[in-house]
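Novice: Let me give you the structure first, and then I'll get to my questions.
The values are calculated or read from the model by the stated rules, or taken from the named source; none is laboratory data. Note that the structure is a prediction, hence the values are computed from the model and not measured. So basically every Cβ, Gly included, is an ideal-geometry build from the backbone, and we count neighbours across all protein chains shown.
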Amino acid sequence: MSKKVLTLIIYVILITLLIFNGIFFFKNKAQSSSTLYAFDTVMDITLNGKNSEAALHEINREISYLEALLSTENENSEIFSLNNNGKALASEDTATLLSLALSYKEKTNNAFNPFVYPMVMEWGFVTKDYNVPNTEKINELVKTVNSSALTLTDNKALLSNGASIDLGGIAKGYATQKLIDICKENNIKSALLNLGGNVYALGTKSNGTKWNIAIKSPIESLDYLGYISVKNKCVITSGGYERFFEENGKIYHHIIDPETGYPADSGLLSVTIVSKDPILADAYSTALYVMGTDEAVKFWRSNADAFDCILFTDKEELIITEGIKNDFSSDYHYTICKK
Ligand code: AMP
Ligand code: MG
């Protein structure tokens, strides 16, 4: 073989290798992201790492699967069937989430209450056909919700008379935990999972620094309450400003105080929970919003190992708990709550 032919063969081999390497590189992209609409909100997922595309695929599938299981409006969902028949066979995910919801109801002394569905429905937050119920109706709903019970035996769920379930206050936290599990199974060590403002930061950014999460402000005169830098933690916010309607100059929002049957009027405009556990954080963000500042701070003091929080009141006071004091920054004046 002449020297020329040999050189040509080597060139052809090298070019082929380069092309295949290129295809391989793109198939194992270092970053994948997607935006989708589920659980009545916009979700943004960004994954870093060479399995990111495959993991993203699984994540999209999991979100659709969970939504189909837990939706109160989808006639084929297990929760729809439970609410309409008073009983249902629950899959592992539904049973786990129902049992978690019951345990957070107890831990928060009923401030988080998964039985609020009849109230949420009556105020029109399900159909978006908003309505201020009359006093008799409210009193009737308070009785129903506060006497509601659910028994879970193996995979059978049974509701007491008239009870119905709303997992809207915890479902996104549960979905987040499932997505973290998928990331870990796929060896993804860096990701930002944003489920409609419920954010989980897995690991660090690709450059090795912590993720910086902005906390939305509930008042117009302020863009953000501040920023929190986190790693392997979620930042989950509940606020009346997220869903509300106005009637006769009064604002009615979607977080209901189960004791009164009215939208919580606790003096808090927004509650952000920072924690390693997104399910706990989702349940507690809703619960602390109902509790109000004093009770929320007391609750934090007895659970400070599990979470930290950022509270914003209707007097425009910003309060953060001491566990996040080194990770929080804001141009707005804030106080640090000590244990
Ligand atoms: P979140 O944005 O996590 O605070 O959840 C608010 C959603 O939870 C509402 O849209 C209702 O579907 C549901 N919800 C309202 N009030 C409560 C409550 N006191 N306990 C549990 N879930 C609630
Ligand atoms: Mg919540």
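Novice: Please go through region 59-82 and give me each residue that is more than 24 Å from residue 153 (Cα to Cα) and surrounded by 17 or more Cβ atoms within 10 Å (Cβ to Cβ), ordered by number.
Specialist: Correct list: 59, 63.
Novice: Same structure again: Can you tell me which residue is farthest from the chain's Cα centre (by Cα) among those in region 218-243 that are within 16 Å of ligand 2 (Cβ to nearest atom) and part of a loop (DSSP other than H, G, I, E, B)?
Specialist: That would be 218.
Novice: Before we move on, is residue 306 surrounded by 21 or more Cβ atoms within 10 Å (Cβ to Cβ) and within 30 Å of residue 180 (Cα to Cα)?
Specialist: Working: surrounded by 21 or more Cβ atoms within 10 Å (Cβ to Cβ): no; within 30 Å of residue 180 (Cα to Cα): yes.
Criteria not met by residue 306.
Novice: Is it true that some residue in region 271-293 is among the β-branched types (Val, Ile, Thr), surrounded by fewer than 17 Cβ atoms within 10 Å (Cβ to Cβ), away from ligand 1 (no atom under 13 Å from the Cβ) and not in a helix (DSSP H, G or I)?
Specialist: So the first thing to find is which residues in region 271-293 are among the β-branched types (Val, Ile, Thr), and the list is 271-274, 279, 286, 290, 293.
Checking the rest, the ones that are also surrounded by fewer than 17 Cβ atoms within 10 Å (Cβ to Cβ) come to none.
No; the residues of region 271-293 include none that is among the β-branched types (Val, Ile, Thr), surrounded by fewer than 17 Cβ atoms within 10 Å (Cβ to Cβ), away from ligand 1 (no atom under 13 Å from the Cβ) and not in a helix (DSSP H, G or I).
Novice: Give the number of residues within region 179-217 that are part of a loop (DSSP other than H, G, I, E, B), at pLDDT 95 or above and either within 21 Å of residue 41 (Cβ to Cβ) or acidic (Asp, Glu) (or both).
Specialist: Summing the residues that are part of a loop (DSSP other than H, G, I, E, B), at pLDDT 95 or above and either within 21 Å of residue 41 (Cβ to Cβ) or acidic (Asp, Glu) (or both) in region 179-217 gives 1.
Novice: Name the one entry in 174, 262, 200 that is surrounded by fewer than 19 Cβ atoms within 10 Å (Cβ to Cβ) and of a type in the set (Ser, Thr, Tyr).
Specialist: Exactly one residue qualifies, and that residue is 262.
Novice: For region 306-319, enumerate the residues that are in contact with a strand residue (DSSP E or B) (Cβ under 8 Å, 6 or more places away or on another chain) and either without any contact (Cβ under 8 Å) to a residue 24 or more places away in the chain or part of a loop (DSSP other than H, G, I, E, B) (or both). Walk me through how you get there before you give the answer.
Specialist: From region 306-319, those in contact with a strand residue (DSSP E or B) (Cβ under 8 Å, 6 or more places away or on another chain) are 306-314, 317-319; that's our starting set.
Matches in region 306-319: 306, 307, 314, 317.
Novice: Can you tell me which residue in region 106-142 is nearest to residue 165 (Cα to Cα), limited to those that are near ligand 1 (Cβ under 8 Å from one of its atoms) and assigned to a helix (DSSP H, G or I)?
Specialist: Taking the candidates together, the pick is 117.
Novice: Of the residues 302, 329, which single one is in contact with a Phe, Trp or Tyr (Cβ under 6 Å, 6 or more places away or on another chain) and more than 24 Å from residue 166 (Cα to Cα)? Can you show your working first?
Specialist: On the way: 302 fails: in contact with a Phe, Trp or Tyr (Cβ under 6 Å, 6 or more places away or on another chain).
Answer to the selection: 329.
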